[in-house]
Amino acid sequence: MQRLACSRCAWMVFIGLSQAMQEDHTSQLRQSPASTVLAPAANTWSQDFNLLLKPQEASSEIWNSSQVWTAVAFHHPAGMVSNVGGGIVPWTASSHMNLRSLFAITLVAYPVSLVVIVIVMMLVLGMCLDVKPEVKERWMREQAKHSDLPASVELLCDELTDSSQVLYACWSAYCRALPCLFIFGVPITLVWINHYYPQEVLVVLSVITSFFMFMSGIYMVTYGFQGFKHLLEAEQNLQAQTASQFSRALEDAQSVAHWIILPQYKEDVEVISMTLHSIARNSMAKHIGVLLAMEQREAEAPVKAEELQRAFAGQIGEIQVCYHPVNLPNDPPGKASNSCFAFHWLLKYLDLDANFREGDCREPLARQQVEQVAGTSPVPHDRLGWQGRRPVVLTVADADTEFNPKYFEGLALKYMEASPEARDMHIWQSPIFHIKNYHSQPAPVKVGTIFTGINDLATLSDPSAMKFPYSTYSMSIKLARRVGGWDAEWIAEDWHMGIKCLLYTMGQCSVQPLLLPTCNYTPEDSTWFGTVRARWTQMKRHALGFSDFTYYFMVVPLLFCRLLNDPRRSSRSDFWNVLLYGTAAMFKLVNVHVLLGIGTAYGTLRAMLKLVMIGYMPESRHIELLIMVANEFGSRLWISGILCVVLMTAIFTAVYGVLKRNIDGPKETAFFSHWMKSILIMFFAGPFFFYSIGVCTWMAAVNILTSRSFKYDVALKPVLPKVTQGDDDSGSECSSTTVGSGYSHYNNRSTRSTLGSTGLRAGENPQENVPELVP
């Protein structure tokens with residue numbers, strides 16, 4: 001009853017405030033401030049307020065210096081006692097704000113409503129599209145290509161009718177403009193609204209920027225601390241599971257075969273050796289196969305592959321090599337295209353098939369390479385996972401990845417613990433820490449290392465968070481076969497694969513945490529400024545992952561059209577399931593890309609708006625009072641956010657203590673001194689790092705709008721002196737201290753990553769094939 005009474009009172013207060021502020025912002029008072037209006041004590045407060053408000057014709061009159069404001073003093077309603085001036089309450093001579101306008105401007109500034117509008121447009125488009133009659137007949141006749149895989153739900157653009165193709169082409173152009181509409185359109189809209197509602201815009205900008213920092217800090221501290229505890233618990237649990245009482249679980253886990261794809265280009269042997277050594281030290285190394293995904297354009301690749309195979313012979317189950325061909329259509333150099341071809345090669349090697357598009361020119365090339373190694377590789381029935389006789393878990397990793405010693409044991413146990421239906425719908429993600437060369441990183445680069453590491457750890461620890469695969473991740477090979485593998489033309493291969501699996505499994509796929517940390521390097525050059533520039537180059541590439549925002553809105557209408565015209569493939573409930581989880585994925589993209597991009601603009605816009613209001617608004621508006629109140633509210637949230645940053649650096653320092661065995665060079669030994677250094681780095685270098693993220697997002701939005709292909713610039717990575725196995729005294733568990741990462745030498749050339757395609761067709765001329773931004 002008490003809760004009900006409190007709820008009723010709160011509801012009555014809210015209604016009263018809403019009624020009091022229901023007049024539009026155009027109803028500003030224009031009486032002289034010297035005349036103080038006193039309402040009769042017999043009247044109620046709401047009656048007095050409505051009596052004094054006189055609607056005006058133009059809300060832009062707030063900027064008119066000839067129009068003065070009214071100072072109003074009210075009596076309290078009858079029966080109320082006040083301690084102010086004999087019961088009289090003086091009201092400040094400042095303009096009021098409209099709650100409805102505040103709410104509407106908030107929906108524009110935090111573009112949730114815009115996403116909802118685009119989703120509605122997307123659904124309407126899906127209902128308007130139509131498929132060619134011969135395609136419908138083919139769907140009714142055909143069965144699933146592979147008995148162990150569900151039929152593909154993909155719909156190609158050229159399977160639509162002519163009118164639908166024109167409509168979809170217009171929609172694709174609109175989708176390419178979406179990043180710019182969000183990044184630039186929203187701030188420009190606020191500038192226009194500011195002419196009529198300057199006070200509301202100032203308050204909304206103050207609240208959103210402060211609240212976003214506050215909530216981000218609270219989130220990373222809360223779940224980051226939980227993640228740190230889970231890191232310790234996960235390793236302890238695995239230690240316990242190696243005991244005799246868990247031997248049966250490990251025996252079952254050893255029935256799982258692992259294949260690791262390592263894309264690379266002009267990478268030093270020492271770098272790959274570090275990664276292979278971290279794999280070989282695992283107790284399940286004999287059940288692991290490694291596919292060195294090299295580039296055919298690298299002349300030294302065969303010699304390097306032979307050296308690596310000879311060095312690790314007998315330590316790992318299998319080490320195979322494939323060479324990504326040059327000049328394939330819609331196939332720009334990069335990790336995505338290399339992973340795409342390596343997956344085709346691996347399936348041919350294991351005699352498996354997948355839901356590839358018809359006419360994919362990679363299949364005959366992969367078959368030809370597999371036939372060439374048939375004489376030197378194990379006989380087919382001895383290959384790990386041959387014809388699916390053993391369950392296979394596939395891992396895609398960067399070339400400079402140092403796996404946790406228990407990574408593959410934990411991965412196999414996670415796979416076996418899941419139900420038979422669920423294990424082929426999971427992507428397992430470990431927390432990634434770019435910490436290998438931590439002590440040679442400049443301060444702005446260390447900010448990114450701290451922030452991304454703790455944010456990734458917090459996201460994996462949050463059970464309700466929408467998670468995406470990142471950098472190094474694992475999945476059932478059956479899941480990769482079902483969705484048709486990797487798309488070569490989309491630059492962010494990890495996030496893109498996660499979204500693709502989510503859509504093509506009708507929302508059933510999910511990313512599961514595997515809290516066994518993985519370490520790698522950040523970009524590094526020989527000089528301080530060179531390293532900062534290399535990290536800047538990498539940030540620009542990461543920001544191009546914004547294109548997945550476009551990918552989602554382009555694919556879902558085709559899925560909807562496929563379900564409407566081919567109900568055998570899936571039910572309507574599955575579509576609403578993918579729409580629900582897909583929308584959650586879009587909101588994550590909004591928080592990651594859009595808010596980080598417009599947040600930089602909001603801070604600048606807020607500062608400029610303050611100066612304009614102080615300089616051009618008449619003194620009768622008393623705008624300094626509003627600015628003071630807004631600053632007071634924002635400062636409290638900022639202080640709370642700063643405290644969260646202090647706690648976040650403490651969590652990172654604790655994580656550093658766990659992972660310092662993986663770090664090259666001298667280590668920090670004192671917790672407190674390292675913590676203080678991390679705090680100073682975050683406060684002094686943090687603003688530069690986060691402003692750079694915003695600028696990279698702006699550039700990515702422009703590239704998506706103006707280009708149908710991306711300029712693929714990858715950051716330079718350092719090359720350290722070569723160290724032979726066994727000579728490493730750095731304290732790392734691996735035997736090499738040479739630093740590097742996949743595609744580290746792409747900095748000497750510019751490659752192009754296309755924004756989508758209509759599919760690869762055999763015989764296409766790559767010079768003539770200008771890829772469209774369609775799935």
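Remark: L205 falls outside the filter, which requires a residue to be under 26 Å from the mean Cα position of the chain (by Cα) and within 30 Å of N355 (Cβ to Cβ). Kindly indicate whether any position in segment 503-515 is of a type in the set (A, V, I, L, M, F, W, C), open to solvent by less than 20 Å² (accessible area, probe 1.4 Å) and at positive phi. The answer is yes; a qualifying residue exists.
Just one residue in the set N565, N631, N591, N577 is free of Cβ contacts under 8 Å to residues at least 60 places away in the same chain and open to solvent by 20 Å² or more (accessible area, probe 1.4 Å); that residue is N591. For segment 417-473, a residue qualifies if it is closer than 17 Å to F652 by Cβ and among the β-branched types (V, I, T), and the qualifying residues are I432, I435, V445, V447, T449, I450, T452, I454, T459. Here the condition is being in a helix (DSSP H, G or I) and either open to solvent by less than 20 Å² (accessible area, probe 1.4 Å) or touching an Asp or Glu at 6+ places or on another chain (Cβ under 8 Å) (or both); of A584, A607, A534, A601, it holds for A534 alone.
Could we say that D548 is in contact with a helix residue (DSSP H, G or I) (Cβ under 9 Å, 6 or more places away or on another chain) and either open to solvent by 40 Å² or more (accessible area, probe 1.4 Å) or in a strand (DSSP E or B) (or both) here?
Working: in contact with a helix residue (DSSP H, G or I) (Cβ under 9 Å, 6 or more places away or on another chain): yes; either open to solvent by 40 Å² or more (accessible area, probe 1.4 Å) or in a strand (DSSP E or B) (or both): no.
Judged against the criteria, D548 is not a match.
With a cut-off of at least 3 residues that are free of Cβ contacts under 8 Å to residues at least 60 places away in the same chain and open to solvent by less than 50 Å² (accessible area, probe 1.4 Å), name the strands (runs of 3 or more DSSP E) lying wholly within segment 252-350.
So the answer is 288-295, 318-324.
Among the residues of segment 691-701, count how many are farther than 14 Å from Q538 by Cβ and open to solvent by 60 Å² or more (accessible area, probe 1.4 Å). Selection size over segment 691-701: 2. If the condition is being modelled with pLDDT of 90 or more and farther than 21 Å from G498 by Cβ, then segment 327-350 contributes W345, K348, Y349, L350.
Looking across segment 425-445, just one residue is of a type outside the set (A, V, I, L, M, F, W, C), surrounded by 23 or more Cβ atoms within 10 Å (Cβ to Cβ) and part of a helix (DSSP H, G or I), and that is Y438.
Evaluate the following for F688: is it assigned to a helix (DSSP H, G or I), surrounded by fewer than 19 Cβ atoms within 10 Å (Cβ to Cβ) and modelled with pLDDT of 90 or more?
Values: assigned to a helix (DSSP H, G or I): yes; surrounded by fewer than 19 Cβ atoms within 10 Å (Cβ to Cβ): yes; modelled with pLDDT of 90 or more: yes.
Yes.
Evaluate the following for R572: is it modelled with pLDDT under 85 and open to solvent by 30 Å² or more (accessible area, probe 1.4 Å)? So R572 passes the test. Here S419 does not qualify as of a type in the set (S, T, N, Q) and buried (at least 21 other Cβ atoms within 10 Å of the Cβ). Examine segment 159-166 for a residue that is at pLDDT below 90, under 19 Å from C561 (Cα atoms) and of a type in the set (S, T, Y), and state whether such a residue exists. No, segment 159-166 contains no residue that is at pLDDT below 90, under 19 Å from C561 (Cα atoms) and of a type in the set (S, T, Y).
Taken over segment 332-359, the criterion of being more than 29 Å from the chain's Cα centre (by Cα) and charged (D, E, K, R) is satisfied by K348, D351, D353, E358. Against the condition closer than 24 Å to A342 by Cα, modelled with pLDDT under 90 and not acidic (D, E), how does A253 come out, does it pass? No.
For segment 131-233, give me every one of the helices (runs of 4 or more DSSP H) that falls completely inside it and has 2 or more residues that are open to solvent by 30 Å² or more (accessible area, probe 1.4 Å) and within 30 Å of M617 (Cβ to Cβ).
Working: elements: 133-141, 162-180, 186-194.
Helices (runs of 4 or more DSSP H) meeting the threshold: 186-194.
The values are calculated or read from the model by the stated rules, or taken from the named source; none is laboratory data. Since this is a predicted model, take the numbers as computed values, not measurements. Glycine also receives a Cβ, built like all others from the backbone with ideal geometry; neighbour counts cover every protein chain displayed. The accessibility values were calculated without ligands, DNA or RNA, using every heavy atom of the protein model including side chains. Shrake-Rupley method; radii C 1.70, N 1.55, O 1.52, S 1.80 Å.
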